[in-house]
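What follows draws every value from the coordinates through simple rules; no lab data is involved. Source: prediction; values computed, not measured. Cβ coordinates were reconstructed from backbone atoms using ideal geometry, including for glycine residues, and neighbour counts include every protein chain displayed.
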């Protein structure tokens, strides 16, 4: 594809696709983990690919000075995951998926089932903090709230999990 | 978060095992753009290249076509959603019918309550645009979701409800809508898109007041 420039806003060349691939690659593990938390194992890679395609289409509108790439990309993963669930709503966890649970214990599965009952906000915070392994500031950027709200949401989620799993009187 | 929290430790340990069990990421391969080298793992790059052509054409059309007709608050080149607003009207579509894949419980939805909620969501957007997120949050969010200050909050320049569909339904006082919003921002959109945004909004009515809970998933 030859280089094109319209209104100083959009430039598309073969090089830009390569640039995009290089730009997005450091963030792929986080995108993939988040995708795995949103859809079944079988649909994970499709969700990542859909998110990459959408991110590419919108890349011209991304402005680095307005925020880091990772929250922007994860928000796209979340959005694509939601669109995918409209077509089919697979369980977040399938106990029949041997690939997903090869090294997980029955207690892990109990915990996963309890996580699945959390509110959407709590589950997103738990997924991003523990499973995607992000810091609170990045999660706040993804969720569009203050870091303190993320911490409070995580605390509420853990308290709820304690309740659900019957593990004492943790507050 | 806290070393003294056993659930925190349990989650950390489980999440570590979960990450270890996850297959590697589907890495993009820019070399796959070369002739005859487009494999299954790089299909998106080929599709992206084609999409980019359309993006360029669309971008150019909007820049030319919007001269003099664009809303003052609407950014140039902003993507406009299609197929969600009712034809020939600015009114959002609101449906009490279940969306594809939604729960059977949505069949009990009260269309009047849905319309009322859509009006409330639009009012929330109006308050956000006119007075800021802090003021909007105080009116519509629960205590746990209140931002502590206006610092770092997104500034909305345009906000409109495009469509709403019932995602889950408990009663006329408590239900969740899958809502499509057209949002544009002054500054960075952060977790939002500049343009169409889909959110699950749980509506809880307390008499004449309402509490809104935004989420990116059901």
Worksheet item: Taking Rh as the Kirkwood radius, which is the inverse of the mean 1/r over Cα pairs, what is the Rg/Rh value for the stretch A:101-171?
Response: 1.00
Worksheet item: In which sequence would B:19, B:148, B:10 go, from the one with the fewest C-beta neighbours within 10 Å to the one with the most?
Response: B:148, B:19, B:10
Discussion item. Averaged over its residues, how many other protein chain Cβ atoms are within 10 Å of peptide A:120-133's Cβ atoms?
Written reply: 4
Response to the item:
Going from the fewest other Cβ atoms within 10 Å to the most, one would list B:149, A:119 as B:149, A:119
Worksheet item: For the residues A:76, B:201, what sequence is obtained by ranking on other C-beta atoms within 10 Å, fewest first?
Response: A:76, B:201
